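Comments concern the structure below.
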Amino acid sequence: MGNAKVIEFPKERSLRKRLQDKAQEQKAVLFLSIASVLLMTVFVNQWLVDNADHSLSAHGTRQVASFEPAVFARDVKWEHELAKRLNGETAFAANLAERPTVRDELIFGYLEGKYGMKLAKGRIESLEFIDAQAGETPMAIADKAQFLKKYSNAFGIEFVEVSPSQGSETEQVYSLIDSGKTIVGQAHFALDEQGRIHSLKFTK
């Protein structure tokens, strides 16, 4: 695989990414809260302006002391503009928190950032446990066939069915089958003495 590359994601990087995502979410919530307050302020000021205009029309040209309709109208216009701008910033912040891909969910979610991955054309060609020095332990996946089907879109082989092929204490192999009932590849799970997954490699 000439264009393959290895990308490792230590636990520290995965934690930092999750913290950054959480900060983005908090920022979006803050923007929404401020926008709600501003919209309520705009509503109240608009109501006051409407009541003031009604009072003026009912009493001729007489004005309530210290009340200036022009100032209120200017404030309302400014708040409307600010609300629109803030709403745009909220939308921008929401766009920053892009929906994670199946690969992201697998690496940072299910596998908790414990595995490095080798990519080929943006798809996972192999996974390998990398957090041994941090005192972490590999993942134990009981239903490996279901695991492969759930995250099939992240892997470098397109398949719809999985069938056990062979197995031992240190390795389990599953055949990958496409929609035409053809075996298109195999998934090799390398296991440690406790049956936990040390690595996963796909072959065609």
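The values are calculated or read from the model by the stated rules, or taken from the named source; none is laboratory data. Predicted model, so just to flag it, every value in this text is computed and none were measured. Note that each Cβ is placed from the backbone with ideal geometry, even for glycine, and that neighbours are counted across all protein chains shown. All accessible areas refer to the heavy atoms of the entire protein, side chains included, with ligands and DNA or RNA removed. Shrake-Rupley method; radii C 1.70, N 1.55, O 1.52, S 1.80 Å.
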Query raised in the report: Among the numbered criteria (1) open to solvent by less than 50 Å² (accessible area, probe 1.4 Å); (2) closer than 14 Å to Phe202 by Cβ; (3) in contact (Cβ under 8 Å) with a residue 60 or more places away in the chain, which single criterion is violated by Lys118?
Result: (1)
Requested in this report: Just name the residue that is farthest from Pro100 (Cα to Cα) out of those in the stretch 110-148 that are outside any strand (DSSP E or B), basic (Lys, Arg) and more than 21 Å from the chain's Cα centre (by Cα).
Outcome: Lys144
Requested in this report: Report, ordered by the first and then the second residue, all pairs with beta carbons closer than 9 Å, sequence separation of six or more or different chains, a first member in the stretch 191-204 that is closer than 18 Å to Phe155 by Cβ and free of Cβ contacts under 8 Å to residues at least 40 places away in the same chain, and a second member that is part of a strand (DSSP E or B) and open to solvent by 30 Å² or more (accessible area, probe 1.4 Å).
Outcome: Thr203/Gln186; Thr203/His188
Report summary line: Within the stretch 149-183, residues among the acidic types (Asp, Glu), part of a strand (DSSP E or B) and more than 17 Å from His198 (Cβ to Cβ) come out as Glu161
Query - Lone qualifier among Ser175, Ser163, Ser179, Ser168 - being small (Gly, Ala, Ser) and open to solvent by less than 20 Å² (accessible area, probe 1.4 Å) - result: Ser175
